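Contents: one structure, followed by commentary.
The values are calculated or read from the model by the stated rules, or taken from the named source; none is laboratory data. If you're wondering where the values come from, they're calculated on a predicted model, not measured in any experiment. Neighbour counts run over all protein chains shown; Cβ positions are idealised from the backbone, glycine included.
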Amino acid sequence: MASATSRPLEYLEGLSGTTFYKLYKQPSTALAIFRRMLPDLAKCFVMALLYLKDPLPTADLEIWVNTESKKQRDNALSILGRLHILSTTRTGDNVRAYMVTDPFATSLRQALMGAEDSQSFGVFSRGPGETQTSIADLDEYARRQWEGVMGYMVGTSAFGGQRDMVNLSKGVKQLLQAGHLVEIRGSRVDITKDGFGFVLQDVNTQVWHILILYVQSAEAIGMDSVEVLSFLFLLSSLELGASYEKKHLTPNQLRTLTDLADFGIVYQEDPDAPCFYPTRLATTLTSDSSALSNPVTGSLTGPAGQTGGSGSGFIIIETNYRLYAYTSSPLQISLISLFTNLKYRFPNLVTGKITRQSVRRAIEMGITADQVISYLLSHAHPQLRKHNAAHGTSNAKGVQASVLPPTVTDQIRLWQLERDRLRATAGFLFKDFTSLAEYSAPCQYAAEIGVLVWKSEKKRMFFVTRHEQVAAFLRSQKGGGK
Amino acid sequence: MNSVDASEHYELGATDLSPSLLTVIIDTNPHAWALLENSLPFSKAVANILVFINAHLACNYANEVAVVASHSQKAAWLYPSQNAPTNLANADQDGDVQMNGNTPTPQTNKYRPFRIVEEQVTRNLKDLIDSTTGDDLRSNMSTMLAGALTLALSNINRRTIAWAEEHGGAALEDAAAEGGASGGGGGGGVAAAPNRYSASNEDERLQSRILIVSVSGSSDSAHQYIPIMNSIFACQRLHIPIDVCKLSGDAVFLQQASDATKGVYMALSEPRGLLQYLMMAFLPDQRSRRHLVLPTRVDVDFRAACFCHRKVVDVGFVCSICLSIFCEPPPGGDCMTCGTHLDVGDYHARPALLPRKKKKKKRVNGASGAGTPISTPTPGP
């Protein structure tokens, strides 16, 4: 999911080179960033270069990639450059060459081969605590805490009274407020536009969102962001169901641990216990959304007590816009009611209809069509997936089978377009080119590295989201011309 | 503005990239490794392969790996092993993880999945080597590649089905059954069954591939020609590439294997660089391979082994009914596979072709006189 990776990626890109230098000293961080942030091709490049003694000349790398895949190659190289993983040097005979930058290369090699002295992947607590907490308990804890946070934001306490509301700590509430996900007016909690977008995302994206907010706020209160970040990446490489020693952690990391326990990302029996357990929310941080969709969302969002089984989703949508949701969770019901006109509610089922009116209401609250669709997609009932898989094979075209009925997804987008006619993109405008040739080369380059948003040949202008590489390209062109 | 064009919702599903399953078949033939002792000792090769496996696991959270040893008298699972102690603590205590004097690394500084694989592989490998007796070695010089390939294939099949079921998106058995029940599709039920592997949902299924690290020579495996070729054709049909990393010798059938399944074939000129070769050529999975120029072999050795003596032959005799290959005419003219009587009587005429060619005119006359069953005389050149 592009949306799932882009947010942490954007945050990381904003960090300075020295921060990266410190981060990459931890093997677990290097591994997590390698696994989570890079596209496939970039991973191939890194691995191919990792054990090379000498830098690989750029020409050789270009030969390695198919000519048709130039765009993917440039995109991969650009991401690697932005994350300070790949750098260009010159070899002895002045040929430009790529190499993996040093702290990253050493750390990744250590991660792959095992290092001698670092405690980068956590220290097992081998005490009797190992068997005290089962995976099911951890899932239940994570689900309860996370739903508590969501419920607090959406305000489900008014919705279904039977739920035992989790006591959220002050830190959690402050964090949500600082991230502009909720606004607190007196005793009332109002969810913001960002908040609506947030609650509709899949769990993995939500966790990342929260964690990045946390890192940002940690900087504000004087904690070292590198320390916190590398701790987060450490968490993501821990083993579910095992307990880990606390005594190797720094005071700041211990403080982080306590805060994360409020979100259900880690579990500790009491704040002074000598060990902690990562929950599934933590261990699947660096996985793809597909890898975690089943176990986590199954236990997190599905009706309590009905976990397990092959399917995680509970929503069925028909081509006539009718929606059936097999859930009794007040949180899910209130989420669905954001963009649906609910009609009936049964003990384990709610039904409703998606209408123009209900979608417009959602959009006016700041929810986008894509968020609605991705919510529906990630919670689609297995029956719906199966039906579409069957449909997809029977027509046997190259077309991807879509889980949701295309009429519904298209119509939701069209309803959004009815009122959403402008879109703002922050970026940079390049203009005043003297000749067409001078204009077209950087423009083409920008398109290749995937930053081009708009261009006009007549006006000799183009607009990009990121200017550093284009500027470097222009400079190199000038240098070459002279 | 383009967000509402009709194609976008089709791409949504494709962005969820499916993980890949890598099956490594290590040829553990002791005879062949003994020859390599100077350039690349077995322990070092295994260490390199383990790093490579870690790199594969590092690429994606859900990537899976399986390791099979193709030993001299049997093929055995190295990972995942059935009898492995599942308890995490036990795995460390049994202490036989160390191999060739390597001290066991302190247990905390390695990513868990990496360590589990490493421990199981080294332990099972040690068990395998310990269980090999001198008699086994003397009696058998080759490697059980066919058995290893079959193990790998059955594991891939099992994992593919399990993965498809877990992910609901491709529960195609049901789909096929429904298609057959409705009856309208005609051959739809038949066509849909292999579709689990077909290109229409290439990105949605578990991406499997096989890597064979081979050291034994070709003549050794000739006696397994038929089972090996059957496995290769199974892979070809299931779109599973077989990559071959050839450390020594040159295996005829493996060239055909990678050629038929569009895998990578590399014969290493410098075995010491094994890790770099593995990382560069064999690590990219099927998705990345679309973008890369892969090392393949141009001059593939297509020779086959005869069914009668298991010899690799350049020119042989092929049964016209069942296509069995023989290095010499089968005794009595009966095909040894299907039992059809073959008319091979004229075969001895082949060496006599040259002298006849000289007196071409005479031969045409003589042939008609001899009363060949062909009614229309072959047009002369």
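Tell me which residues, restricted to the stretch A:223-244, are more than 10 Å from every other protein chain (Cβ to nearest Cβ) and either under 14 Å from residue B:113 (Cα atoms) or in contact (Cβ under 8 Å) with a residue 40 or more places away in the chain (or both).
A:225, A:226, A:229, A:230, A:232, A:233, A:234, A:235, A:243
Give just the number: which of (1) more than 26 Å from residue A:179 (Cβ to Cβ); (2) modelled with pLDDT under 85 does residue A:9 not satisfy?
Checking residue A:9 against (1) more than 26 Å from residue A:179 (Cβ to Cβ); (2) modelled with pLDDT under 85, the one that fails is (1).
Would you say residue B:284 is within 14 Å of chain A (Cβ to nearest Cβ), within 27 Å of residue A:38 (Cα to Cα) and modelled with pLDDT under 85? It would help to see each step written out before you state the result.
Working: within 14 Å of chain A (Cβ to nearest Cβ): yes; within 27 Å of residue A:38 (Cα to Cα): yes; modelled with pLDDT under 85: no.
Answer is no for this residue.
Do you know which residues across the stretch A:337-361 are surrounded by 22 or more Cβ atoms within 10 Å (Cβ to Cβ) and under 18 Å from residue A:202 (Cα atoms)?
Once the filter is applied, which keeps residues that are surrounded by 22 or more Cβ atoms within 10 Å (Cβ to Cβ) and under 18 Å from residue A:202 (Cα atoms), the stretch A:337-361 yields only A:339.
Six or more apart or on different chains, Cβ atoms under 7 Å: show the pairs whose first residue is in the stretch B:261-282 and within 13 Å of residue B:211 (Cβ to Cβ) and without any contact (Cβ under 8 Å) to a residue 40 or more places away in the chain and whose second is surrounded by fewer than 20 Cβ atoms within 10 Å (Cβ to Cβ) and β-branched (Val, Ile, Thr).
Cβ pairs passing all conditions: B:264/B:296; B:265/B:296.
Please state which one of B:51, B:65 is in contact with a Phe, Trp or Tyr (Cβ under 8 Å, 6 or more places away or on another chain), within 14 Å of chain A (Cβ to nearest Cβ) and more than 20 Å from residue B:129 (Cβ to Cβ).
So the residue among B:51, B:65 that is in contact with a Phe, Trp or Tyr (Cβ under 8 Å, 6 or more places away or on another chain), within 14 Å of chain A (Cβ to nearest Cβ) and more than 20 Å from residue B:129 (Cβ to Cβ) is B:65.
Of the residues A:429, A:414, A:384, which single one is within 14 Å of another protein chain (Cβ to nearest Cβ), modelled with pLDDT of 85 or more and not in a loop (DSSP other than H, G, I, E, B)?
Selected residue: A:414, the only one of A:429, A:414, A:384 that is within 14 Å of another protein chain (Cβ to nearest Cβ), modelled with pLDDT of 85 or more and not in a loop (DSSP other than H, G, I, E, B).
Quick check: anything in the stretch A:53-65 in a strand (DSSP E or B), more than 8 Å from chain B (Cβ to nearest Cβ) and surrounded by fewer than 21 Cβ atoms within 10 Å (Cβ to Cβ)?
Residues of the stretch A:53-65 in a strand (DSSP E or B): A:56-57, A:65.
Imposing the further condition that a residue be more than 8 Å from chain B (Cβ to nearest Cβ) reduces the set to A:56-57.
Checking the rest, the ones that are also surrounded by fewer than 21 Cβ atoms within 10 Å (Cβ to Cβ) come to A:56-57.
Within the stretch A:53-65 (the criterion being in a strand (DSSP E or B), more than 8 Å from chain B (Cβ to nearest Cβ) and surrounded by fewer than 21 Cβ atoms within 10 Å (Cβ to Cβ)), the answer is yes, since at least one residue qualifies.
Out of curiosity, is residue A:46 among the hydrophobic types (A, V, I, L, M, F, W, C), buried (at least 20 other Cβ atoms within 10 Å of the Cβ) and more than 9 Å from every other protein chain (Cβ to nearest Cβ)?
Spelling it out, residue A:46 is indeed among the hydrophobic types (A, V, I, L, M, F, W, C), buried (at least 20 other Cβ atoms within 10 Å of the Cβ) and more than 9 Å from every other protein chain (Cβ to nearest Cβ).
Can you pull out the residues in the stretch B:117-138 that are among the hydroxyl-bearing types (Ser, Thr, Tyr), touching a residue at least 24 places away in the same chain (Cβ under 8 Å) and either in contact with a strand residue (DSSP E or B) (Cβ under 6 Å, 6 or more places away or on another chain) or surrounded by fewer than 20 Cβ atoms within 10 Å (Cβ to Cβ) (or both)?
B:132
Just checking, which of B:214, B:218, B:231 is out of contact with any Lys or Arg (no Cβ under 8 Å at 6 or more places or on another chain), among the hydroxyl-bearing types (Ser, Thr, Tyr), modelled with pLDDT of 85 or more and within 30 Å of residue B:28 (Cβ to Cβ)?
Among B:214, B:218, B:231, only B:231 is out of contact with any Lys or Arg (no Cβ under 8 Å at 6 or more places or on another chain), among the hydroxyl-bearing types (Ser, Thr, Tyr), modelled with pLDDT of 85 or more and within 30 Å of residue B:28 (Cβ to Cβ).
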